[in-house]
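**Q** Right, I'll just put the structure down here and ask away after.
The values are calculated or read from the model by the stated rules, or taken from the named source; none is laboratory data. These figures come from a predicted structure and were not determined experimentally. FYI the Cβ positions are ideal-geometry reconstructions off the backbone, even for glycines, and counts take in every protein chain you see.
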């Protein structure tokens, strides 16, 4: 299994935008609409407890759901069958970031939202050393993976895909192993869904998430 290259991420120019407090989110978790997807803006958002998704045809929405889904790094549920599946796959980090994002954004998938604008934005973040992919390969073919953003002790998971049984789950096992080995303390999975719940994710309040985030990235809670 490969791991991400040991390099210090490059801090981009700061964003000119100022995000509202996450406490201003509406009932769906939407905090604001607008801004851009420049690297400095994305990093400011994650440090502030927000993440982006498309809003309408051309705009970007910034979200802070309450409750928030997180996966405790000591709470990943690995079944016996999943543990047996792990050796079948070749796990790699950061060798096909763009492809992983595009597979996650396959327009035939239900509720797909990852468009070219997002792929280009996160690829720039990846080139600066902040965004990472975890990939599972079988017989030389990419069959699963996930991607997200690492900021100090935070990993913000964005999406995953698979075309072979257990492929995305094996990528998640590898991600958790890497995060635990490198001192991460918070794995954000955004929304608490039944699928993520089956893997060990839990729901916490927005207030608790922001407190954990502040400890993970070394900032003052965003309130």
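**Q** Go through (1) surrounded by fewer than 17 Cβ atoms within 10 Å (Cβ to Cβ); (2) farther than 15 Å from residue 159 by Cβ; (3) not assigned by TED's automatic domain parsing to the domain that holds residue 166 and name the single condition residue 48 misses.
**A** For residue 48, the failing item is (1).
**Q** In the range 1-27, how many residues are outside any helix (DSSP H, G or I), free of Cβ contacts under 8 Å to residues at least 24 places away in the same chain and more than 17 Å from residue 128 (Cα to Cα)?
**A** Qualifying residue count for the region: 5.
**Q** Being out of contact with any helix residue (DSSP H, G or I) (no Cβ under 8 Å at 6 or more places or on another chain) and either closer than 30 Å to residue 87 by Cα or in a loop (DSSP other than H, G, I, E, B) (or both) is the filter; apply it to the range 28-59 and report the residue that is modelled with the lowest pLDDT.
**A** Out of the qualifying residues, it is 57.
**Q** If you go through the range 107-120 one residue at a time, do you hit one that is under 14 Å from the mean Cα position of the chain (by Cα), without any contact (Cβ under 8 Å) to a residue 40 or more places away in the chain and over 20 Å from residue 187 (Cβ atoms)?
**A** Yes, some residue in the range 107-120 is under 14 Å from the mean Cα position of the chain (by Cα), without any contact (Cβ under 8 Å) to a residue 40 or more places away in the chain and over 20 Å from residue 187 (Cβ atoms).
**Q** Could I ask something else about it? Here is a list: 147, 209, 122. Which entry is in a helix (DSSP H, G or I) and farther than 22 Å from residue 25 by Cα?
**A** Step by step, each of 147, 209, 122 is checked, and only 122 is in a helix (DSSP H, G or I) and farther than 22 Å from residue 25 by Cα.
**Q** Okay, moving on. Which residues, counting only those in the range 77-132, are closer than 17 Å to residue 36 by Cα, in contact with a strand residue (DSSP E or B) (Cβ under 9 Å, 6 or more places away or on another chain) and surrounded by fewer than 17 Cβ atoms within 10 Å (Cβ to Cβ)?
**A** 113, 115, 117, 123, 124
**Q** Could you please give the count of residues in the range 171-206 that are touching a helix residue (DSSP H, G or I) at 6+ places or on another chain (Cβ under 7 Å), in a loop (DSSP other than H, G, I, E, B) and more than 23 Å from residue 53 (Cβ to Cβ)?
**A** So the answer is 1.
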